[in-house]
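The values are calculated or read from the model by the stated rules, or taken from the named source; none is laboratory data. Values in this document were obtained by computation on a predicted structure and should not be read as measured data. Here the Cβ positions follow ideal geometry from the backbone for every residue, glycine too, while neighbour counts run over all protein chains shown.
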């Protein structure tokens, strides 16, 4: 997987979130948290995790994901994971 | 399409249509899931008519499965109200007679895994201990799944990824693999005819062990299989449910040129078509014919729909030595130069089935596209241009699922042939009475105790001649308090089996008909006239002064009011139709000899 910029990762996450939450108008910013997105429950958390793996070609541990508090940290985490693999 | 759809917003109708795309469940899970979740939203917001109540009972998380299951059931003609039993209460829910599964649901879907075994013997057990444990396990589950008042679909037990006895885990006492296989076999015998069992081994094989056992997802959320296993699991379970509900399709409609043989017979002549062992191409078409022939042996009906002169089209079926299919195998043979959509409608009408009973196989993408848009109720099989792949493409759709096999199933192909013969005679003959008399029909009244399975199946499957939606379980039919008139029809062409059922009880001065169904296979035979005579005779014997029944309109039983009127029933209070027993019989003669079986009934 080639290096993706923060913007590229955010763009891709936007698409994934729009699919998972069925909200075509959703726009993510670095400050967005789980509380900001209606319907972000434990089931959707799992859907998202599997979606990140499919989209970015990485394997994610739930213990790592649970520590992240907003989309900005998620983007940093995913980029770091992609570089590692 | 169902006219109810016209009252829904356009984007909702479009979504419901998208749900019926033939190869949807062959796509990736995310695509299936997106549509499934949208469908869930539509189901929550809109009135789509009466719903079958379904309870899913499992010891694993079903949260990701249920939307796909709802979609799979919808695709197969079941609009459901779907509930999941709470996580982890599989055995208590099944054991409790007042549970939702046992008292509320019309259909219960039971999904155990090998993790739910109660009596799996330990490694080192003797063969005797293991055999006793297998029987105990099978009886335990049999007892649990036969308490529901509704129908049950049971997924058999899967085999574990981690084999304690290695390669011998399937063979030695103490192996969970052995326990699972043997328990499944015992359950299949114990539950035959009572519960629809899904073959877990076959499912596991199709999905693949890698996806069937997902340890990571199991630790994460207690779903033991990958998301990618969900479409196949959902559709396989839905297929059995549809079969129980009488929604399995019935007729495979086949094109001829480049489908049942290679080449265009009108251009190249019978001698040049590719069929038989000389070439790989011929072998591929032979394989398709052999596959279709096998389907007819267990109740699937074949029809031909071809753009050809009829005599050219029929010739190979009569005279070509390498054809596996013969004229006798085809219940309805249509070959002309009209458009195929009109021809499919004609085929459905001749065989007295709905368009939703048809599966269409044609190598031409143009014809497939045409039928898919003109007749959305017909299932169009997606094909590529390699005939070697055609049998697998049909098989993968599982369009003719079986929940149980009855003598009627085994005989159905011949029976439909007889139907088609009668239908065309009825259309063309100027002396219908003479024709019907010449068939020398006999009606035999069957004893309910020995025919209850077939009776229940007929009541579930029949849609057109059915007074109202009330169904009866086998237990209901055998209980006292109601009388079940089960009628078998035979004539010189065919034994049609049990084709009509009337459930009655005496209520003060009336013989109350709870329901009356008649198979579409015997329409135009005037059996309803003979049935009326039998009901009137029974009413007189019991001292009732009238017959009373309740008609409730559905999408499919619109012919009932006309028939009731011609039989002399009149609407009394808006709900019931009545017919006094001393009203003279003015219906057309049915020429049927009536054999009342056990007259004490």
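A few notes on this one:
- Residue within the range B:577-588 that is over 24 Å from residue B:436 (Cβ atoms), in contact with a helix residue (DSSP H, G or I) (Cβ under 7 Å, 6 or more places away or on another chain) and either free of Cβ contacts under 8 Å to residues at least 12 places away in the same chain or assigned to a strand (DSSP E or B) (or both) present: yes
- Residue pairs whose Cβ atoms lie under 8 Å apart, separated by 6 or more positions or on different chains, with the first residue in the range B:39-54 and within 14 Å of another protein chain (Cβ to nearest Cβ) and the second modelled with pLDDT under 95, are B:39/B:15; B:39/B:16; B:39/B:19; B:41/A:22; B:42/B:12; B:42/B:15; B:42/B:16; B:42/B:48.
- Among the candidates B:524, B:554, the residue that is part of a loop (DSSP other than H, G, I, E, B) and under 24 Å from residue B:51 (Cβ atoms) is uniquely B:554.
- Qualifying position, being on the phi < 0 side of the Ramachandran plot and at pLDDT below 90, among B:58, B:28: B:28
- Members of the range B:371-395 that are surrounded by 17 or more Cβ atoms within 10 Å (Cβ to Cβ) and touching a helix residue (DSSP H, G or I) at 6+ places or on another chain (Cβ under 8 Å): B:371, B:375, B:378, B:379, B:380, B:381, B:383, B:387, B:390, B:391, B:394
- Here the range A:13-40 is the region considered, the condition is being more than 14 Å from chain B (Cβ to nearest Cβ) and in a helix (DSSP H, G or I), and the residue that is nearest to the chain's Cα centre (by Cα) is A:13.
- The selection criterion, being surrounded by 19 or more Cβ atoms within 10 Å (Cβ to Cβ), assigned to a helix (DSSP H, G or I) and either within 21 Å of the chain's Cα centre (by Cα) or without any contact (Cβ under 8 Å) to a residue 40 or more places away in the chain (or both), does not hold for residue B:422.
- Candidate set from the range A:46-62 (those that are under 18 Å from residue B:230 (Cβ atoms) and more than 9 Å from chain B (Cβ to nearest Cβ)); member that is surrounded by the most Cβ atoms within 10 Å (Cβ to Cβ): A:48
- Tally, over the range B:65-90, of residues that are within 14 Å of another protein chain (Cβ to nearest Cβ) and either surrounded by 21 or more Cβ atoms within 10 Å (Cβ to Cβ) or in a helix (DSSP H, G or I) (or both): 4
- Of all residues in the range B:247-293, exactly one satisfies the criterion of being in a loop (DSSP other than H, G, I, E, B), surrounded by fewer than 16 Cβ atoms within 10 Å (Cβ to Cβ) and in contact with a helix residue (DSSP H, G or I) (Cβ under 7 Å, 6 or more places away or on another chain), namely B:277.
To keep it simple, each residue is scored yes or no on (1) over 30 Å from residue B:168 (Cα atoms); (2) crowded, with 16+ Cβ neighbours inside 10 Å; (3) touching a helix residue (DSSP H, G or I) at 6+ places or on another chain (Cβ under 9 Å).
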{"site": "B:54", "(1), (2), (3)": "yes, yes, yes"}
{"site": "B:108", "(1), (2), (3)": "yes, yes, yes"}
{"site": "B:111", "(1), (2), (3)": "no, yes, yes"}
{"site": "B:114", "(1), (2), (3)": "no, yes, yes"}
{"site": "B:124", "(1), (2), (3)": "no, no, no"}
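- Of the numbered criteria (1) touching a helix residue (DSSP H, G or I) at 6+ places or on another chain (Cβ under 6 Å); (2) buried (at least 22 other Cβ atoms within 10 Å of the Cβ), the one residue B:304 fails is (1).
- Among the criteria (1) within 14 Å of chain A (Cβ to nearest Cβ); (2) surrounded by 12 or more Cβ atoms within 10 Å (Cβ to Cβ); (3) modelled with pLDDT under 90, the one residue B:11 does not fulfil is (2).
- For the range B:229-240, the count of residues that are within 14 Å of chain A (Cβ to nearest Cβ) and either farther than 26 Å from residue B:123 by Cα or out of contact with any strand residue (DSSP E or B) (no Cβ under 7 Å at 6 or more places or on another chain) (or both) is nonzero.
Condition check ((1) away from every other protein chain (no Cβ under 14 Å); (2) surrounded by fewer than 17 Cβ atoms within 10 Å (Cβ to Cβ)) across all residues:
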{"residue": "B:189", "(1), (2)": "yes, yes"}
{"residue": "B:194", "(1), (2)": "yes, yes"}
{"residue": "B:199", "(1), (2)": "yes, yes"}
{"residue": "B:203", "(1), (2)": "yes, no"}
{"residue": "B:206", "(1), (2)": "yes, yes"}
{"residue": "B:211", "(1), (2)": "no, no"}
{"residue": "B:219", "(1), (2)": "no, yes"}
{"residue": "B:222", "(1), (2)": "no, yes"}
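- Search result, residues across the range B:484-518 that are within 26 Å of the chain's Cα centre (by Cα), farther than 17 Å from residue B:590 by Cβ and surrounded by fewer than 18 Cβ atoms within 10 Å (Cβ to Cβ): B:495
To keep it simple, each residue is scored yes or no on (1) in contact (Cβ under 8 Å) with a residue 24 or more places away in the chain; (2) closer than 23 Å to residue B:463 by Cβ.
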{"position": "B:333", "(1), (2)": "yes, no"}
{"position": "B:338", "(1), (2)": "no, no"}
{"position": "B:351", "(1), (2)": "yes, yes"}
{"position": "B:355", "(1), (2)": "no, yes"}
{"position": "B:361", "(1), (2)": "yes, no"}
{"position": "B:367", "(1), (2)": "yes, no"}
{"position": "B:371", "(1), (2)": "yes, yes"}
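- Test result for residue A:69, in a loop (DSSP other than H, G, I, E, B) and either in contact with a strand residue (DSSP E or B) (Cβ under 6 Å, 6 or more places away or on another chain) or within 29 Å of residue B:36 (Cα to Cα) (or both): no
- Condition met for residue B:123 (without any contact (Cβ under 8 Å) to a residue 60 or more places away in the chain and assigned to a strand (DSSP E or B)): no
- The number of residues in the range B:165-187 being surrounded by fewer than 16 Cβ atoms within 10 Å (Cβ to Cβ) and not in a helix (DSSP H, G or I) comes to 1.
- In the range B:324-346 there is at least one residue matching the filter, namely being in a loop (DSSP other than H, G, I, E, B) and buried (at least 16 other Cβ atoms within 10 Å of the Cβ).
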